[in-house]
1. Could you tell me whether any residue of the stretch 114-129 is open to solvent by 70 Å² or more (accessible area, probe 1.4 Å), within 25 Å of residue 212 (Cβ to Cβ) and at pLDDT 85 or above?
2. Looking at residue 209, is it open to solvent by less than 70 Å² (accessible area, probe 1.4 Å), under 18 Å from the mean Cα position of the chain (by Cα) and more than 28 Å from residue 62 (Cβ to Cβ)?
3. Does residue 197 count as farther than 21 Å from residue 109 by Cα, open to solvent by less than 30 Å² (accessible area, probe 1.4 Å), modelled with pLDDT under 95 and not hydroxyl-bearing (Ser, Thr, Tyr)?
4. Tell me, please, whether a residue that is loosely packed, with under 13 Cβ neighbours inside 10 Å, over 26 Å from residue 134 (Cα atoms) and free of Cβ contacts under 8 Å to residues at least 60 places away in the same chain can be found in the stretch 163-184.
5. Given the criteria open to solvent by 20 Å² or more (accessible area, probe 1.4 Å) and within 24 Å of the chain's Cα centre (by Cα), does residue 142 qualify?
6. Quick check on residue 222: is it among the charged types (D, E, K, R) and touching a Leu at 6+ places or on another chain (Cβ under 7 Å)?
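The values are calculated or read from the model by the stated rules, or taken from the named source; none is laboratory data. Model, not experiment: these values are computed from the prediction. Glycine gets a Cβ as well: all are built from the backbone with ideal geometry, and neighbour counts include every protein chain shown. Areas reflect the complete protein model, heavy atoms only, side chains present, ligands, DNA and RNA absent. Shrake-Rupley method; radii C 1.70, N 1.55, O 1.52, S 1.80 Å.
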Amino acid sequence: MIPVTLPEPIGNRSRIFTYLSVAICLLAAAYIFERVRFWADHLQVMGSIPAEPIQIAIGPTGFVVPPDYVISQRRNLLEQPSSSNYVRLAMTWPGLGPHTSGSSLLGDELIRIELEHNPGRESLRARLDPFYRRLARGGELSGPGGLKLLNLSRLGGKRSDMIVYDPSKQNGFIARCRQQSSTSKATCHRAVQFSSGLDLRYSFDRSLLSDWRRLDRAVLLKIDSFKAR
């Protein structure tokens, strides 16, 4: 009969696993505590934002904007009415409500907006014929929603760069759409003169180009609703 040898007791080695288990539990408890404190502070800050709209003048144009739309200069604007050369806003499509942490979970697209007082700035449309047409590869192409497309991307490059515009109006819709890599989202940037000396620029996902008419009209009307009356 072959003698059976029992394994030796692990002795102090069992304590190592006990210590590791305790350390893991402590780290988990610390993480949960930090998260609870973060969200408590976050909700407290959100709750401190007043319901009253913010008054701000961009150049000569006055606006009255709900505070949860504002993503720049919020602290200063909350304290007192102000004037500035620009303000940045954020809203969601299609409802054009304020952007929140849960907006992306609902499938809403983020629209970033910038209002800037910049008189004399040359428009994107003014550079279409003398500049962008000369850089385009393959000439004018058909784009989504009746738009025309000029491809500015480098041959063999990983980045995508194009101009899309409405050919039916001389000063109609125009935007520049860029994608930094094949794995990043393609974003379009639209600029329009909202009023004398006041530029309205907004960015949106390129997938919305097929609905550009409704998007452009809705954004302009939304910003116009913020104007001081």
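1. So far as the stretch 114-129 goes, no, none of its residues is open to solvent by 70 Å² or more (accessible area, probe 1.4 Å), within 25 Å of residue 212 (Cβ to Cβ) and at pLDDT 85 or above.
2. Against the criterion (open to solvent by less than 70 Å² (accessible area, probe 1.4 Å), under 18 Å from the mean Cα position of the chain (by Cα) and more than 28 Å from residue 62 (Cβ to Cβ)), residue 209 qualifies.
3. Spelling it out, residue 197 is indeed farther than 21 Å from residue 109 by Cα, open to solvent by less than 30 Å² (accessible area, probe 1.4 Å), modelled with pLDDT under 95 and not hydroxyl-bearing (Ser, Thr, Tyr).
4. Checked the stretch 163-184: at least one residue is loosely packed, with under 13 Cβ neighbours inside 10 Å, over 26 Å from residue 134 (Cα atoms) and free of Cβ contacts under 8 Å to residues at least 60 places away in the same chain.
5. When the stated conditions are applied, residue 142 does not pass them.
6. In short, yes.
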